[in-house]
Amino acid sequence: MAFNMDPKKCPMPTQDPMVRNKNFEEVALGYTAEMAVNEAKRCIGCKNKPCQSGCPVGIDIPEFIAHVAEGDFEAAYQVINRSSSLPAVCGRVCPQESQCEGKCTRGIKNEPVGIGRLERFVADWHRENVHTAPVVPASNGHKVAIIGAGPAGLTAAGDLAKMGYKVTVYEALHVAGGVLMYGIPEFRLPKAIVQQEIDGLKKMGVDFECNMVIGKVLTIDELMEEYGYEAVFVGSGAGLPRFMGIPGESLKGVYSANEFLTRSNLMKAYLPTSKTPIRTGNKVAVVGGGNVAMDAARSALRLGADTVYIVYRRGMAELPARKEEVEHAEEEGIIFKTLCNPVEIHSNEEGFVKSITCVEMELGEPDASGRRRPIEKKGSEFELEVDTVIMSLGTSPNPLIRSTTPGLETNKHGCIVTEGDEGKTSREGVYAGGDAVTGAATVIKAMGAGKAAAKAMDEYIRSK
Amino acid sequence: MFKITEKVALNPTVTKMVIEAPLIAKKAKPGQFIIVRPFEDSERIPLTVAGYDREAGTVDIIFQIVGGTTMELNSLKVGECVHDFVGPLGRATETEGLKKVCVVGGGVGCAIALPIARELHEQGCVVHSVVGFRSKDLLILEDEFKACSDELRIMTDDGSYGTKGVVTAALDELVEAGNQYDLVITIGPLIMMKFVVKTCQKHGLKSIVSMNPIMIDGTGMCGGCRLTVGGETKFACVDGPDFDGDLVDFDEAMARGTMYRPFEAHAREAACNLLNQEVK
């Protein structure tokens, strides 16, 4: 078979930027079969599989891509499915440039193979073309509980169900999915895809109990002692938004990105029929540079804002968001005010945001995170006229589990302390993973943690 | 889905509902709250627990019909279900070790004050209750307060029942008559709580206020319910809803409460039209 030696990835078809910045439909339209086969042929099938070592769930990437190159998409899907339970999600939201694609041999001199795009293609192809009823695994007679129906919890639930466990997933919100539902917008991850993944788990016999805030309505101790769960996985995420602590942060028109996105995504405030209000304003400043900041900025634009700024204290090169999200945001007309930090928010007579005072920054020596530390330029203050400010500065783990589970060790940031890579906590039979352990990270890392914990929980129960 | 087992109009604008929610009923404590969505497409709103029956497995909510969502909720009948009912959320009111307390409630806030007064009374604490309403028509829970209060003062703005005047006048009078309280617990409109706190400060009394800001998830995720308390940002849903009255920035809380006023007016009108159509 001839390799495709094109130095560049096959481009991803997308909605036109000036059209899509006014709708909530998916931005990237996905490869055609022909594009996928062509792109798959760019893979040279390295023996040592560097890409696989970059994948938090260890998908055998060269093997699945070889099947795509042959046009056997279902075989490709089965390879991915061995390691990942949410490929349609990961193909869309993984930061491939710092994971699989970052290690791709083709990427040394040219663009890496479009692994994420191929993963997405394979998952979408399977969803649209293969309709076999999922196999309900034979019961092994053991019960486990999962707390939190986000990426970590869904992955752990899927893996444990496949092993024959009776799995119950407890979710605090009224729908399952966690950040995939309340955080990531429709235009980046259609909710129907997430729902289909959840429905798949239900068909495998996984029970979902929504509206259940564990720590409040039931404690972990009660789940284990009274409900008979032999092991519990905590994947409660990092939901608590951070604020800057600058004057004016409580004015009307200042949102946390979590609130803004929850209103828009979970409560569907972007639809005219929604009963949950959202106040977008005309000129919006989103403070922060991660994926969540990009999601908030691009949502604001779609909700009707004229001008949307990303205000970030480091430079363009330091933006922690996925490269593709930054590119898409720029194409859609988001204005990047980098090396810039807000110091105060001002209000009009009615108490609504009127402007923010920002200060220019420059980059100094690298800090503990290895990134160059931003330093304020003295006397560089300037005024940015905006009527909405969205704070996207990261999140901390939710306190509800740690404050109601005696003996569950947490660190000074409120993250659950685990031993090794398998999510074992200081409480016997209690495992944890995802943002609840690491603080805010990525969907795929949470999935990797859910997977490792599922394996460890199985070993624990079988050794009892 | 959570079944409504009882529904009573306490006055023309305030409704009590008893909801079947056995797990929540087992855990709920005075001062905690519930997130309710009447229908699948409704907004999520916080309502404070107004009572519970652990054996029957029910939780009481009392709400004022003020906007679109409470109108939707009020359109449901006994035997029908509310779509979502989540709780018990927030911290319970700390009542342990208190010997003599004055509970000050205003309007529908009295519904939240009642379980606290009841719990204090059951613990053997001396309870003085001051409840305020605009007029006699809006009076609620008089007998219930009588049953758990060593002294009860009813105030109305127009003097149509009890004593004419505001709740702070009754509080002043009680303190000036020589009553010393370990704590004053107040629940009602923000402006009322602000002035109750001021009155307490004048007399050197400690106060606890119950805050009810705009919320979405009620579990610490959105930050919409944030308040400034003692110069720090606090979330009413996980750090509260009770806070030290001396430390709460009431002016800021009042301003934040008006953020969606135009939207709310519109939603109320839309709900009115819709519900009226259904009646026809």
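Nothing in this text is a laboratory measurement; each read-out follows from the coordinates by a stated rule. Small disclaimer: the values here were computed from a predicted structure and weren't measured. Cβ: placed from backbone, ideal geometry, glycine included. Neighbour counts: every protein chain shown.
A few remarks follow.
- Descending principal axes extents, the range A:97-220, alpha-carbon based, whole Å: 55, 32, 25
- Label-point separation in nm, B:Ala9 to B:Asp41, each point 7 Å along Cα→Cβ: 2.7 nm
- Value of Rg/Rh across the range B:105-154 [Cα atoms, Kirkwood radius]: 0.95
- Contour minus Cα-Cα distance for A:Arg371 and A:Arg82 (0.36 nm per residue): 100.4 nm
- Share of Cα-Cα pairs in the range B:25-140 lying beyond 18 Å, as whole percent: 56 percent
- Volume of the convex hull of the protein assembly as shown (Cα atoms only), normalised per residue: 181 Å³.
- For the range A:1-97, convex hull volume per residue from C-alpha positions, Å³: 123 Å³
- A simple spin-label model places the labels of A:Asp6 and B:Val66 6.0 nm from each other, with each point 7 Å out along Cα-to-Cβ.
- Value of relative contact order over chain A, rounded to a whole percent, pairs C-alpha under 8 Å and six or more apart: 16 percent
- Per-residue mean of C-beta atoms belonging to partner chains within 10 Å, peptide A:269-275: 3
- Stokes-Einstein D (µm²/s) once Rh is taken as the Kirkwood radius of the range A:313-451 over alpha-carbon pairs, at 10 °C in 1.306 mPa s: 86 µm²/s
- Sum of -39500 (n - 2.57) over DSSP H runs of 4+, divided by residues of chain B (222 nm, nearest 500): -9000 deg cm²/dmol
- Shown for the range A:381-464 is the translational diffusion coefficient from the Stokes-Einstein equation, using the Kirkwood radius over Cα pairs, a temperature of 10 °C and a viscosity of 1.306 mPa s: 108 µm²/s.
- Debye, to nearest 20: dipole size of the range A:391-432, +1 on Lys, Arg Cβ, -1 on Asp, Glu Cβ: 220 debye
- The alpha-carbon of A:Lys268 sits under 17 angstrom from the alpha-carbons of these lysines, leaving out residues fewer than 8 places away in its chain: A:Lys22, A:Lys191.
- Think of chain A as a dipole: +1 on every Lys or Arg Cβ, -1 on every Asp or Glu Cβ, centred on the Cα centre; then among A:Cys358, A:Gln52, A:Ala138, A:Gln52 lies furthest on the positive end.
- The range A:206-327, Rg to Rh (Cα coordinates; Rh as Kirkwood inverse mean 1/r): 1.08
- Kirkwood-Stokes translational diffusion coefficient of the range A:285-348, alpha-carbon pairs, 4 °C, 1.567 mPa s, µm²/s: 110 µm²/s
- Taking only alpha carbon atoms, the range B:1-93 gives an Rg to Rh ratio of 0.93, where Rh is the Kirkwood radius.
- Sequence-distant contacts, meaning Cα pairs under 8 Å at least 6 residues apart, place the relative contact order of chain B at 17 percent.
- Euclidean distance of C-alpha centroids, the range A:441-464 and the range A:33-72, integer Å: 25 Å
- Averaged over the residues of peptide A:171-182, the number of Cβ atoms from other protein chains lying within 10 Å of each residue's Cβ is 3.
- The range B:223-245-the range A:192-219 distance, computed between alpha-carbon centres (Å): 30 Å
- Cα-Cα over 22 Å, subset of B:Lys100/B:Lys198; B:Lys3/B:Lys27; A:Lys216/B:Lys146; A:Lys216/B:Lys26; A:Lys424/B:Lys29; A:Lys203/A:Lys424: A:Lys216/B:Lys146; A:Lys424/B:Lys29; A:Lys203/A:Lys424
- For the pair B:Asp182 and A:Val136, a Förster radius of 60 Å applied to the C-beta separation gives a FRET efficiency near 0.50, rounded to the nearest 0.05.
- Charging the Cβ of each Asp and Glu at -1 and of each Lys and Arg at +1, and nothing else, the dipole of the range A:122-272 about its Cα centre rounds to 440 debye.
- Reported value for the range B:148-280: 179 Å³ per residue, from the convex hull of its C-alpha atoms.
- Ordered by the number of other Cβ atoms lying within 10 Å of each residue's own Cβ, fewest first, A:Arg302, B:Arg118 fall into the sequence B:Arg118, A:Arg302.
- Fewest-first ordering of A:Asp6, A:Asp159 by other beta carbons within 10 Å of each residue's beta carbon gives A:Asp6, A:Asp159.
- Rounded, prolate or oblate (a/c below 1.5 giving rounded, otherwise prolate when a/b exceeds b/c) for the range A:191-268 by Cα gyration tensor: oblate
- Counting only Cα atoms, the size of chain B along its three principal axes is 56, 40, 38 Å, in decreasing order.
- Listed by Cβ neighbour count within 10 Å, with the fewest neighbours leading, B:Cys125, B:Cys81 appear as B:Cys81, B:Cys125.
- Under 16 Å from A:Lys47, Cα to Cα: lysines that are on another chain or at least 8 residues apart: A:Lys103
- Lysines whose Cα lies under 19 Å from that of B:Lys194, excluding same-chain neighbours fewer than 8 positions away: B:Lys202, B:Lys206, B:Lys234
- Computing FRET efficiency as 1/(1 + (r/R0)^6) for B:Glu80 and B:Ser160, where r is the C-beta to C-beta distance and R0 is 22 Å, gives about 0.05.
- The range A:384-401 and the range A:324-380: distance between their alpha carbon centers, rounded to Å: 14 Å
- For the range A:323-367, averaging the sequence separation of C-alpha pairs within contact (under 8 Å, six or more residues apart) and dividing by the residue count gives a relative contact order of 31 percent.
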